[in-house]
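Before any comments, here is the structure.
Just so you know, all these numbers are worked out from the coordinates, no wet-lab data involved. None of the values given here were measured: they were computed from a predicted structure. Ideal geometry is used to build each Cβ from the backbone, glycine not excepted, and the neighbour counts take in all protein chains shown.
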Amino acid sequence: MEDNGRIVVANRRIQHNFKTFERLEAGIELRGWEVKAVRSRTFAFGDSYCRFYGRELYLVQMSIGPYAFAHTSDGELKRRRKLLLHRRELVRVASLVSQQRLTVVPASISFAEGGFIKVELAIGKFLTTKGSRETSERRRVEREIRGYMR
């Protein structure tokens, strides 16, 4: 958890429940008090996901808590927030989602130069419980082998 161009929060559940094929970085459209709340780390995006509404990609179910020093807040803590991508990237992601049945989820949130907040998106498939069990079993066996090699 670092500032000034580094990752603020990473979604660690992706490593266990998700097989990623690609990652890309997107801007996020926030209101003024939401930016301050993200900077003070009063948000949660563990259960959030990305979804297309029309031709735009939105981040859904990301909860940003109220900023204590804001004069106004609209009370919409879990509103959908527009992700800012180039048109070519949107078309490519839309084709991956519709044709290959992939899912887009936020992997991390970071601060970029100039004070912008960026969201790293992971494109991939959720592992089924059978796939998760196989992965965890494989990791356990590899860990045991490394222990014996020492």
Margin query: Place a point 7 Å from Cα of TYR53 in the direction of its Cβ. Which residues in the stretch 87-104 have their backbone N less than 20 Å from it?
Written below: 87, 90-91, 93-95, 97-98, 103-104
Note to self: Please arrange TYR148, TYR67 by how many other C-beta atoms lie within 10 Å of their C-beta, fewest to most.
What the structure shows: TYR148, TYR67
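Using Cβ counts within 10 Å as a stand-in for footprinting exposure, how do ILE14, ILE64 rank, fewest first? Working shown, then result.
Details: ILE14 19, ILE64 23.
With the sparsest Cβ surroundings first, the list reads ILE14, ILE64.
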Checklist line | Reachable aspartates and glutamates from LYS78, criterion Cα separation under 13 angstrom, eight or more residues apart if same chain | finding: GLU34, ASP47
Next item on the list: Once you have the Cα-Cα distance between ALA44 and ASN17, take 0.36 nm times their residue separation minus that, and quote the gain in nm to one decimal.
Entry: 7.9 nm
Margin query: Between LEU24 and SER63, what is the label-point separation in nm under the 7 Å Cα-to-beta-carbon projection?
Written below: 3.0
